[in-house]
1. Give a residue-ordered list of calculated ³J(HN,Hα) values for the stretch 65-77 (Karplus: 6.51 cos²θ - 1.76 cosθ + 1.60, θ = phi - 60°; whole Hz; x for Gly, Pro).
2. Sorted from fewest to most neighbouring beta carbons within 10 Å, what does the list L91, L73 look like?
3. Taking θ as phi - 60°, what are the ³J(HN,Hα) couplings along the stretch 80-97 by the Karplus curve (6.51, -1.76, 1.60), each to the nearest whole Hz, with x for Gly and Pro?
4. Can you work out the Karplus-derived ³J(HN,Hα) for every residue in the stretch 101-117? Use 6.51 cos²θ - 1.76 cosθ + 1.60 with θ = phi - 60°, whole Hz, and x for glycine or proline.
Amino acid sequence: MEGFAPYYLIFATLIWGLVGFYILYVGKRIYFPKAFKRGKPKSADNEYFTDLKQISLKNKYGRKIHSIMAANLSNPNFSADHLARELRCSLGELHSIVTKLMHQTPEEYIVSSRMKKAAFLLKYNFGNVDEISRQVGYRDQQHFAINFKKYFGLPPREYLKFYKDSGRDLIEA
């Protein structure tokens, strides 16, 4: 019986680990089935900001950046300067914060957020390309299409066709 205690502890730990896994992953699907259903979401807001949700706990600016970006992304005049004024910090401080958190400059981050939101809106049919370009802050659909192609490698209409044909998403790729 000397060797029984370590095996018992290993077995108990394994069982509790499996129970924890069940509660975290399988249990959520049973108790919260709507969260795991695929389909068109009711709203496009905040669905494309997953990276900001991750950083909001790490940095005091995370929540502020998230709310400012969500409120102003459709504004064609929204820029890094506007974001810095809203956060009450200098452009240098903003550059440092965003670069540290996102590994992009503020300007690149604004463009990538707009492109991710546009892809999301296209994917779930929240309008045609012209409407979506205005919803993500572009006055000119052609300028939007050029930036979209730079970001995803496909123009918006081809992206939509690719997504519908293959079911794959270029946002995650």
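Derivation of every value follows stated rules applied to the coordinates shown; laboratory data play no part. Small disclaimer: the values here were computed from a predicted structure and weren't measured. Neighbour counts are summed over all protein chains in view; Cβ atoms, including those assigned to glycine, are modelled from backbone coordinates with ideal geometry.
1. Each residue of the stretch 65-77 in turn: 4, 4, 5, 5, 5, 4, 6, 10, 4, 7, 7, x, 8 Hz.
2. Fewest-to-most ranking of L91, L73: L91, L73.
3. Those phi angles translate into 4, 4, 5, 4, 5, 4, 5, 7, 6, 9, 6, 4, x, 5, 4, 4, 5, 5 Hz.
4. Karplus values, whole Hz, x for Gly and Pro: 7, 10, 6, 9, 6, x, 5, 4, 5, 5, 5, 5, 5, 5, 5, 5, 5.
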